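Below: one structure, written as structure tokens.
The values are calculated or read from the model by the stated rules, or taken from the named source; none is laboratory data. Because the structure is a prediction, the values reported are computed rather than measured. Heads up, the Cβs are rebuilt from the backbone with ideal geometry, glycines too, and the neighbour counts pull from every protein chain shown. Accessible surface areas use protein heavy atoms only, side chains included; no ligands, DNA or RNA. Shrake-Rupley method; radii C 1.70, N 1.55, O 1.52, S 1.80 Å.
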Amino acid sequence: MFNGLHVSGYIRSDGLTELKDKIIETSLNLFEQNGYHGVSVNEIVKECGTSKGGFYHHFSSKDELLFVIHDCFISYVLTKAQEATSDNIHPSAKMQKIILSFVKVFDLYKPHISVFYQESIYLKPPYVEAIKKKRHQYKEIVFSVIQEGIEKGEFRSELPVEITGMSILGMVNWTYKWYKRDGGKTIEEIGRIYVDLILKSLLTEEFKNDASIQPYLLKNQMDID
């Protein structure tokens, strides 16, 4: 327990209210402009037109607010990965779903991710541990899909699971550094490019030509387009 927040699970169970959402969006703008320590709770409540009571109804502290900003996007990708692995589909299809949702988060939660990477050093240890737990869960899901793919003969057996998984996570995670919404490719197009790159590096020669894999490869999508 930390400032009224049970960080071993999730934050408060009251969900996002309109005010809570507004506080988060206002804080994101202020943190991006002035930095985490350059913004007070007073400034946040003034900017979004609420009271301190309204703020503290949703967040026990500014620290919890910063944690929630991260939790929004890590919970999104974790839930999507769990959904992918619960489906009765082959490993390549699971990996495709995981990668597409991972890439999409850089568009859906672009301000959250930008603020988190700039300001995460200010998180208190209990919040850091809560974040690490979810990140570990996500990493283990990716590892498990790679392992399953190897065991089923879809993915190359000579690839070390952990190094391969960390390479995938590192490559996709770097998207936050360069992705622009007004760039030459949409986030969906970027996602499909990553899927093609990753699957072609994972798949055995036999499975690269398997009919079930073809819809995930760029050359076939271009033919359809």
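Summary table below
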item	result
Approximate spin-label separation residue 120-residue 148, in nm, with each point projected 7 Å along Cα-to-Cβ	2.6 nm
Karplus-derived 3J(HN,Hα), 6.51/-1.76/1.60, for each residue of region 133-150, Hz, glycine and proline x	4, 5, 5, 5, 4, 5, 4, 5, 5, 4, 4, 5, 5, 4, 4, 4, x, 5
Compactness of the chain - radius of gyration and Dmax, Cα, Å	19.9, 62
From the C-alpha gyration tensor of region 45-96, square roots of 5λ in Å	38, 9, 8
Surrounding net charge for residue 157, when Lys and Arg each add one and Asp and Glu each subtract one, Cβ distance under 14 Å	-4
Inter-label distance, nm, simple model (7 Å from Cα along the C-beta direction), residue 200/residue 135	3.0 nm
Proximal charge balance of residue 170 [Cβ under 14 Å; K/R count +1, D/E count -1]	+2
Alpha carbon centroid spacing (whole Å) that separates region 79-116 from region 124-158	12 Å
Accessible-area value, residue 56, 1.4 Å probe, nucleic acids and ligands omitted, Å²	100 Å²
By average C-beta atoms within 10 angstrom, highest first, the peptides 64-74, 30-40	64-74, 30-40
Accessible-area composition of the chain, carbon plus sulfur, in percent [1.4 Å probe]	53 percent
The chain, relative contact order in percent, only Cα pairs under 8 angstrom and at least six apart counted	21 percent
Nearest-10 value in Å² for the accessible area of residue 21, using the 1.4 Å probe	70 Å²
Full-extension gain in nm, residue 40 to residue 167, via 0.36 nm per residue minus C-alpha separation	41.9 nm
Of 80/139; 46/134; 94/134; 97/124; 20/185; 152/185, those spanning more than 22 Å from alpha-carbon to alpha-carbon	46/134; 97/124; 20/185; 152/185
Placed amide H near residue 155: partners under 5 Å, 5+ positions off or other chain	150, 204
Lys, Arg +1 and Asp, Glu -1 on Cβ, resulting dipole of the chain about Cα centre, debye, nearest 20	460 debye
Label-point separation in nm, residue 19 to residue 156, each point 7 Å along Cα→Cβ	5.6 nm
Reachable aspartates and glutamates from residue 177, criterion Cα separation under 16 angstrom, eight or more residues apart if same chain	32, 107, 119
In Å², nearest 10: area of residue 180 left accessible to a 1.4 Å probe	130 Å²
Peptides 154-160, 84-90, 141-147 ordered by average Cβ neighbours within 10 Å, highest first	141-147, 154-160, 84-90
Compactness of region 38-151 - radius of gyration and Dmax, Cα, Å	17.3, 57
Cα coordinate range in region 104-225, projected on the principal axes (Å, largest first)	49, 36, 16
Charge sum, other residues only, whose C-beta stays under 14 Å from residue 25's C-beta, Lys/Arg counted +1 and Asp/Glu -1	-1
Candidate lysines - alpha carbon under 20 Å from residue 180, same-chain residues fewer than 8 apart omitted	104, 110
